[in-house]
1. Take the residues in segment A:30-47 that are among the small types (Gly, Ala, Ser) and in contact with a Gly (Cβ under 6 Å, 6 or more places away or on another chain), then tell me which one is nearest to A:Arg93 (Cα to Cα).
2. With (1) more than 14 Å from chain A (Cβ to nearest Cβ); (2) at pLDDT 95 or above; (3) outside any helix (DSSP H, G or I) as the list, and B:Leu225 as the residue in question, which single condition is left unmet?
3. Show me the helices (runs of 4 or more DSSP H) found entirely inside segment B:1-68 where at least 3 residues are within 14 Å of chain A (Cβ to nearest Cβ).
4. Which helices (runs of 4 or more DSSP H) sit wholly inside segment B:104-210 and have at least 2 residues that are surrounded by 20 or more Cβ atoms within 10 Å (Cβ to Cβ)?
5. Using beta carbons and a limit of 6 Å, which pairs, at least six apart or on different chains, have the first residue in segment A:1-25 and aliphatic (A, V, I, L, M) and the second one modelled with pLDDT under 95?
6. Please tell me if B:Asp35 is in contact with a strand residue (DSSP E or B) (Cβ under 6 Å, 6 or more places away or on another chain) and without any contact (Cβ under 8 Å) to a residue 24 or more places away in the chain.
7. Test B:Leu101 against the stated conditions and say whether it is more than 20 Å from the chain's Cα centre (by Cα), outside any helix (DSSP H, G or I) and not β-branched (Val, Ile, Thr).
8. Output the number of the condition that B:Thr87 fails; it satisfies all remaining conditions of (1) more than 14 Å from chain A (Cβ to nearest Cβ); (2) in contact with a helix residue (DSSP H, G or I) (Cβ under 6 Å, 6 or more places away or on another chain).
Amino acid sequence: MHLTVGLAQLYPKIGDVAANLKEHLAQIEAAKAHGVQLLLFPELSLTGYNLQDLVYEVALQPTAENPTFRQLLEASGDYDMDLMVGFVDTDRRARYFIAAAYLSRGEVVHVHRKVYLPTYTLFDEGRYFAWGDSVRAFETRFGRFGMLICEDFWHASPPYLLWLDRADVFLFHSASPGRGLDASDRLSSARWVQLVNQAYASLFTSYVLHCNRVGYEDGLNFWGGSTIIDPDGEIVCAAPMHEPALCIQTIDLNQIRRTRARLPLLRDERTALTARELARIIQESHDFRL
Amino acid sequence: MVTTLVQAQRRVDVDALLRINTDLATKIIVGFIRDAVTKAGYTRAVLGLSGGIDSALVAFLAARALGAENVLAVRMPYRTSSEASLTDAQLVIDQLGLPSLTIEITPMVQPLIDLFPEMDSVRKGNIMARQRMIVLYDQSAAWRGLVIGTSNKTEVLLGYSTLFGDSAAALQPIGDLYKTQVRQLARALGVPQSILDKAPSADLWAGQTDEGELGYTYDEVDRLLYLLVDGRYTVEEAAAQGFDLAFVERVWRRVRMNHFKRTMPNVAKLSRRSVGHDFLYLRDWSG
C-alpha cells in the first residue's frame with residue numbers, strides 16, 4: 001500500500017490564528033495538486049510557538065462548532081486529505097494544552113495532548129500549559145498511527161508506548177528552536193533530532209514522519225529540516241533547513257513488513273517482561289518522579 | 001597479541017568548539033535581520049559604521065538581508081578619532097555601495113565635556129557613545145529604518161559597552177557571536193583586510209585598544225567565556241582547563257558586575273499583573 005505524504009514546513013505567525021488558518025488552507029490546496037493523502041503541519045501550526053500570555057487568546061476546542069476547526073474539517077473532506085494540525089487545546093475548565101489533532105473526512109479522529117512540556121533553558125511551556133496524560137495509537141484509513149509533539153519524542157518512552165500500542169507510522173511534529181552553532185553545516189539541535197528519529201525508525205522498524213516549522217520568534221530561529229524516515233532507518237525525504245517548504249513523498253507501507261521479516265524486533269519484544277520489571281522498579285524506588 | 005589502548009584524558013579543545021560554520025551563521029543571521037525589519041513594518045536599516053570589524057560585519061550582513069541601497073551607514077567621528085577609522089569605514093561603504101552620511105559629533109558633545117574640565121576618559125567615551133545613539137535614532141526616523149546594533153557576545157558578557165549608547169538598538173544580529181567568531185564570519189564574507197588585521201579599539205583616544213584596556217586578549221577571554229557560559233563550567237572547572245584561577249575569577253566577576261547592562265530596569269511590583277514581571281509577550285507581538 002502506497003501513501004503520499006506531505007510535510008508543510010511553514011512559518012506560523014505568532015498569535016494570528018486567522019492568518020495561519022488561511023496558510024493551512026493554501027498548503028492543503030497546493031498539496032492536493034500533487035495527490036497528497038496525508039498532510040502534516042508543525043507543532044502549534046495554527047498559533048505560533050512562544051505564545052506566553054497569548055495562550056489564553058488563541059486556545060480553542062477541536063470540534064466542528066469551532067469556526068477554525070470547521071474549515072479544516074471541511075477541507076479534510078473536500079480534498080479527501082487527512083491532516084495533522086497543531087493548536088492550543090482548552091477544556092471546559094480553563095486548562096490549556098499543546099495539542100495535535102488528526103482530521104480525516106470531516107471528523108476529528110484523535111487528539112494528542114503534549115505529555116512532556118520543556119521548562120528549562122529557553123523553554124517555559126510548564127508556566128502556561130497543563131500536561132497531557134495519555135499516549136495512544138489510533139486507527140486511520142491508512143493503518144494504525146501515533147502522534148507525538150516535540151519534547152514527547154526527546155523522551156524514549158512515548159514512542160515505545162506507541163509501538164506497543166500497535167502504531168506502525170509515527171507522526172511527529174515540532175517547533176524546534178535552532179541552537180548549537182559550531183563547525184558543522186547543521187545546528188546541534190537539528191543533528192540531535194535527526195539522530196533520534198532515525199533511531200526510532202530503526203528500533204521500531206516503522207515509518208517516522210517529522211514536520212518541523214521554520215521562521216523566527218524574537219531571536220529564536222526554527223530550523224525546519226522535516227524528514228521522512230523509513231523502517232530501515234534511512235532518510236527518504238528531507239526538506240531544506242531554515243526555509244519554508246512543502247515536502248511531498250510517496251512511501252510504501254509494505255516496507256514495514258519486509259523490514260520486519262529481516263529484523264523481527266517487534267515479534268521478539270518482551271512486553272510483559274518490561275511491564276513486570278517496571279512494576280518492580282516503581283515499587284522499589286524512592287524516586288518521586290516514578 | 002592483545003592491544004591495550006590507554007588514552008590520556010584530553011583538555012577540551014575550546015578553539016575547535018569556537019569554530020563556526022560561516023555559511024550557516026550567515027543564513028540564520030541574514031534571515032533574522034530580514035525577518036525582524038519586515039516584521040516591524042520597515043524595509044530599511046541604519047547603523048553606525050566605526051571602521052571596526054563588528055560594524056563592518058553587520059553592514060555586510062544587513063546589505064545581504066535588505067539590499068545595500070536599504071542600509072544607511074553613518075560615520076560619526078569625534079575630533080580625536082583616527083583617520084584610519086574613517087578610511088576603513090569608507091572602504092566598507094564603497095565595497096557594498098551603501099548610502100552613507102558623515103556626521104561629526106564634536107560640536108554636539110564638546111559643550112558638555114567642556115563644562116567639566118576634570119572629566120575622565122570613561123565619561124567622555126560614554127557621552128560620545130550616547131551622542132552617536134541620538135544621531136542614529138534621529139536618522140532612524142528620518143530614513144525610516146530600524147537601528148541595527150553591532151554588539152558581540154564577548155563585549156555584552158564583559159559589559160564592555162555604554163548603556164543606552166552603543167548597546168541601544170532594535171536588533172542585535174551578532175550578539176551571540178564571540179569576537180573570535182565575528183572574525184571568522186567577517187573573513188568569510190569579505191570584510192576588507194585592513195579591518196580584519198587591525199587591533200580592536202573603541203577609538204576614544206590615540207593608541208587605545210580593547211585588549212590593552214581589558215588586560216587580556218579576545219582569543220584568551222573567548223576561550224574562557226565559552227567554557228563558563230556555553231559550557232556551564234564552574235570557575236574551578238574552567239581553571240582546571242589551563243587558566244589562571246585569578247584570571248577566571250576576575251572575568252567571571254566582571255560578567256556578574258555588568259549584568260545590569262543586559263537586563264531591563266527592575267520594576268517595583270505592586271499590582272497583580274505588572275510590566276516586567278507577569279505581563280509577558282514577545283517583542284514580536286508588536287510586529
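The values are calculated or read from the model by the stated rules, or taken from the named source; none is laboratory data. If you're wondering where the values come from, they're calculated on a predicted model, not measured in any experiment. In this analysis, Cβ positions are derived from the backbone assuming ideal geometry, glycine residues included, and neighbour counts consider all displayed protein chains.
1. If we take residues in segment A:30-47 being among the small types (Gly, Ala, Ser) and in contact with a Gly (Cβ under 6 Å, 6 or more places away or on another chain), then A:Ser45 is nearest to A:Arg93 (Cα to Cα).
2. Of everything listed in (1) more than 14 Å from chain A (Cβ to nearest Cβ); (2) at pLDDT 95 or above; (3) outside any helix (DSSP H, G or I), B:Leu225 misses just condition (3).
3. On the way: elements: B:14-17, B:22-39, B:53-66.
Of the helices (runs of 4 or more DSSP H) lying wholly inside segment B:1-68, those with at least 3 residues that are within 14 Å of chain A (Cβ to nearest Cβ) span B:14-17, B:22-39.
4. Answer list for segment B:104-210: B:121-143, B:153-158, B:179-189.
5. If the second residue must be modelled with pLDDT under 95, the pairs left are A:Ile14/B:Asp284.
6. Working: in contact with a strand residue (DSSP E or B) (Cβ under 6 Å, 6 or more places away or on another chain): yes; without any contact (Cβ under 8 Å) to a residue 24 or more places away in the chain: yes.
For B:Asp35, the condition - in contact with a strand residue (DSSP E or B) (Cβ under 6 Å, 6 or more places away or on another chain) and without any contact (Cβ under 8 Å) to a residue 24 or more places away in the chain - is met.
7. Numbers: more than 20 Å from the chain's Cα centre (by Cα): yes; outside any helix (DSSP H, G or I): yes; not β-branched (Val, Ile, Thr): yes.
Here the answer is yes, as B:Leu101 does meet what is asked.
8. In the conditions (1) more than 14 Å from chain A (Cβ to nearest Cβ); (2) in contact with a helix residue (DSSP H, G or I) (Cβ under 6 Å, 6 or more places away or on another chain), B:Thr87 misses (2) alone.
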